[in-house]
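**Student:** Questions regarding the structure given below will be posed in turn.
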Amino acid sequence: MSNGFSLDVQADFKEVEKMLKHLDKKIITQATTTTLNRVAKSVQSLAVKLLAKDIGLKQKEVRKYVTVRKANWNNLYSSVEANGKRVPVHKLSAKQTKSGVTYRGQDGKRRHIPGAFIQTIRVDGVPGAYKRKGKERFPVVFLRTVSIPHVFIQDAINKALLQVAQERWNKEFPHQVNYRLKKAGYA
């Protein structure tokens, strides 16, 4: 009849349907899992950096207490968690003085604890900063400062972590979907 273009819609629709079915089961799940884990790792790195700066510890020490729970294909959920007790004073550049112990506080300034001393008195031989409860030699109290989970929940740190998570997700997820599509043979 007229010169025109013929298109077999049924065949194209089957191919699209096959692609979407394949996407739902495998590609989107894989892309989501990988993206969640990479975002969690980025958030962990930033959290360690911010916590170390705020508390005054080395990043290596803080990393022990900030863990990542990874997502998998069955559980599309990942999280970054801070755990642990309060940080011992002796880990914060503590120094013995005539009147007590000084250490680097949260704001970076030296803090003073009068009457405290640094000594290795525990059974396992770990040095620590201690203070006597009264005039007698014993009992003594092991001195600690802030806890990592307490600092982790501060608003400024949470806002920075959420911003990094959102930016990383927006960048990583489309990249992962494209990568998985190309790997599956779709251009």
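**Student:** With the chain treated as a Gaussian network of Cα nodes joined by springs under 10 Å, which of Asp54, Asp124, Asp107 yields the largest mean-square fluctuation?
**Tutor:** Judging by the Gaussian network model, the answer is Asp124.
**Student:** Given Lys64/Lys91; Lys91/Lys135; Lys58/Lys131; Lys91/Lys131, which pairs have Cα atoms separated by over 21 Å?
**Tutor:** From Lys64/Lys91; Lys91/Lys135; Lys58/Lys131; Lys91/Lys131, over 21 Å: Lys91/Lys135; Lys58/Lys131.
**Student:** Expressed as an acute angle from 0 to 90° and rounded to the nearest 10, what is the orientation of the C-alpha long axis of helix 155-184 relative to the principal long axis of the chain?
**Tutor:** The helix 155-184 is inclined about 30 degrees to the chain.
**Student:** With viscosity set to 1.002 mPa s at 20 °C, what whole-number translational diffusion coefficient in µm²/s follows for the chain from Stokes-Einstein and a Kirkwood radius over Cα pairs? Don't skip to the answer; put the middle values down first.
**Tutor:** Working: Rh = 20.8 Å.
The calculation lands on 103 µm²/s.
**Student:** Oh, and also: Please check: in the Gaussian network model of the chain (C-alpha springs, under 10 Å), which one of Glu136, Glu61, Glu172 has the largest mean-square fluctuation.
**Tutor:** Glu136
**Student:** Okay, moving on. Starting from region 58-120, pick out the trypsin sites (Lys or Arg not before Pro) whose DSSP state is loop and whose Cβ has at most 14 other Cβ atoms within 10 Å.
**Tutor:** Working: sites: Lys58, Lys60, Arg63, Lys64, Arg69, Lys70, Lys85, Arg86, Lys91, Lys95, Lys98, Arg104, Lys109, Arg110, Arg111; in loops: Lys58, Lys64, Lys70, Lys85, Lys98, Lys109.
Within region 58-120, the qualifying trypsin sites (Lys or Arg not before Pro) (loop, at most 14 other Cβ atoms within 10 Å) are Lys58, Lys64, Lys70, Lys85, Lys98, Lys109.
**Student:** What angle, in degrees between 0 and 90 and rounded to the nearest 10, separates the Cα long axis of helix 9-22 from the longest principal axis of the Cα atoms of the chain?
**Tutor:** Long axis of 9-22 versus the principal axis of the chain: about 20 degrees.
**Student:** Per DSSP H run of n ≥ 4, the term is -39500 (n - 2.57); total these for the chain, divide by its residue number, and report the mean residue ellipticity at 222 nm rounded to 500 deg cm²/dmol.
**Tutor:** Taking each H run of at least 4 residues, the total per residue is -14500 deg cm²/dmol.
Each reported figure results from applying straightforward, stated rules to the coordinates on display, with no laboratory input. Here the structure is a predicted model, which means the values were calculated and not measured. As a convention, Cβ positions derive from the backbone with ideal geometry for all residues, glycine included, and neighbour counts pool all protein chains shown.
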